[in-house]
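Chemist: Just dropping this structure here.
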Amino acid sequence: MKGMRFSGALLLILSVMALGCAKEQRIKIGFNIPLTGDSPKIGEGAKFSAQLIEKEINDAGGLDVKGTNFKLVFIFVVNEL
């Protein structure tokens, strides 16, 4: 009987630890935009707009995909022409 109590308590502790250590699920989206060169203003506008959308979605709890919420992470890569 003591073994069952110990096992139950251990299982409960491990479950709580696993929930606390769970990594946040994220979706990464990359943007290849001109931030330098001949047309940096176009890229700056696109980056600013994307950051607003990213913040708005993440502040609302993330993107819902079949009942699971994912935070968005936008990655910007400089497109040099």
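Just so it is clear, none of the values below were taken in a lab; they were calculated from the coordinates. What you see is a predicted model; the values in this text were computed from it and never measured. Backbone-built Cβ (ideal geometry, glycine too); neighbour counts: all protein chains shown.
Chemist: How fast does segment 23-78 diffuse by Stokes-Einstein, in µm²/s, taking the Kirkwood radius from C-alpha pairs at 37 °C and 0.692 mPa s? Intermediate results must be reported in sequence, preceding the final value.
Modeler: Values: Rh = 12.2 Å.
Roughly 269 µm²/s, to the nearest whole number.
Chemist: What number of lysine-lysine pairs in segment 23-78 show an alpha-carbon separation below 18 angstrom, given a sequence spacing of 8 or more or placement on distinct chains? Walk me through the numbers before you get to the answer.
Modeler: Numbers: K23/K71; K28/K47; K28/K55; K28/K66; K28/K71; K47/K55; K47/K71; K55/K71.
Within segment 23-78, the lysine pair count is 8.
Chemist: Defining a contact as two alpha carbons under 8 Å apart and six or more residues distant in sequence, what relative contact order in percent does segment 23-78 show?
Modeler: Numbers: 73 pairs, mean separation 28.8, N = 56.
Worked out over segment 23-78, it gives 51 percent.
Chemist: Counting only the backbone N, which residues of segment 45-81 are under 11 Å from the spot 7 Å out from the Cα of D38 toward its beta-carbon?
Modeler: 81
Chemist: Let me ask something else. Can you give me the long-range amide H partners of F31? Hydrogens built in the peptide plane at 1.01 Å from N, cutoff under 5 Å, separation of 5 or more residues or another chain.
Modeler: Hits under the 5 Å cutoff: I75, F76, V77.
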